[in-house]
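In what follows, a single structure is set out as structure tokens and then discussed.
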Amino acid sequence: MKIFNRRIYLKNKSEIELIKESALIVGLTLAEVAKYIKPGVPSNYLDKIAEDFIRSHQAVPSFKGYNGFPASLCISINDVVVHGIPSRQVLQEGDIVSVDCGVYKNGYHGDYAYTFAVGEISEEKKLLVERTKKSLYKGINEAKKGNHIGDISHAIQSYVESFGYGVVRELVGHGIGKKMHEKPDIPNYGKKGKGELIVPGMVFCIEPMINLGTPRVSMDADNWTIRTLDRKPSAHFEHQVAITEEGTEVLSTYQYIEEVLAN
Ligand code: MG
Ligand code: MG
């Protein structure tokens, strides 16, 4: 299937239901992983938990093999913004860990992420994580029929920059469906009223990647790991939304994750 540069695939109701089913498995997988987020656990153990869980739901990890990515999760600790490769590195008290998960089932992808605290974290990290999550909901509030993508971008950027945080420019949210990354791009920076018009049938991922310090990032020699240039921490949350005639539906949920974290 050929995708033209600016072509956006609009989804019908039954396709949105299938995407939601894949997203649900992401949520359940992240909840399973949440049980093991503790000091001393190697990040590749979390990856194994996730892969087994996804496959036990007759689904496939979207990330594994994607452009050669070697694992089922992206696990990004502290100054790693996104695309961290699971390894023998053990979680330590005070770390913040973004876990990003993709699931492919029935021809459609689910993809979303949550940033976890390992044990007690510093006040500065706690605020970064809380505000990054809040910025995601501010973006979601602007994701509605008749708005533009720039309204989402602006809502996220203006909120987090009010705290002096840096918004990563090099990586953005994205449309999702039969492919994990589709048009349109959803930047976390931008101007109100700019960008694509939001229309029913769009399904996309909004995913603020917010740095405590500089917005600038670098890539490790592994060609995956994205780190803050100043090595200060970064947080990442991602949800999937569908735009319909009736309104905006968030297809992803943190409910199962947060039930685990509450125990
Ligand atoms: Mg994504
Ligand atoms: Mg993701």
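The values are calculated or read from the model by the stated rules, or taken from the named source; none is laboratory data. If you're wondering where the values come from, they're calculated on a predicted model, not measured in any experiment. FYI the Cβ positions are ideal-geometry reconstructions off the backbone, even for glycines, and counts take in every protein chain you see. For the accessible areas, the whole protein counts, side chains as well, though only heavy atoms, and no ligand, DNA or RNA atoms are used. Shrake-Rupley method; radii C 1.70, N 1.55, O 1.52, S 1.80 Å.
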Accessible surface of Arg7 - all protein chains present, 1.4 Å probe, nearest 10 Å² | 120
Can you pull the accessible area of Tyr256 for me, 1.4 Å probe, Å² to the nearest 10?
-> 70
Summing Lys, Arg as +1 and Asp, Glu as -1, what charge do residues with Cβ under 11 Å from the Cβ of Ser62 carry, Ser62 excluded?
-> +1
For the residue pair Glu124 and Gln89, what label-to-label distance in nm results when each label sits 7 Å from Cα along the Cα-to-beta-carbon direction?
-> 1.9
Kindly state, to the nearest 0.05, the FRET efficiency for Ser218 paired with Lys179, given R0 = 25 Å and r defined as their beta-carbon distance.
-> 0.35
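For the chain, what is Rg from Cα atoms divided by 2.2 N^0.38 Å, rounded to two decimals?
In units of the globular-protein estimate, the chain measures up at 0.94.
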With DNA, RNA and ligands ignored, accessible area of Glu123 (1.4 Å probe; Å², nearest 10) = 110
R0 of 35 Å, Cβ-Cβ distance Lys35-Arg231: FRET efficiency to nearest 0.05 | 0.75
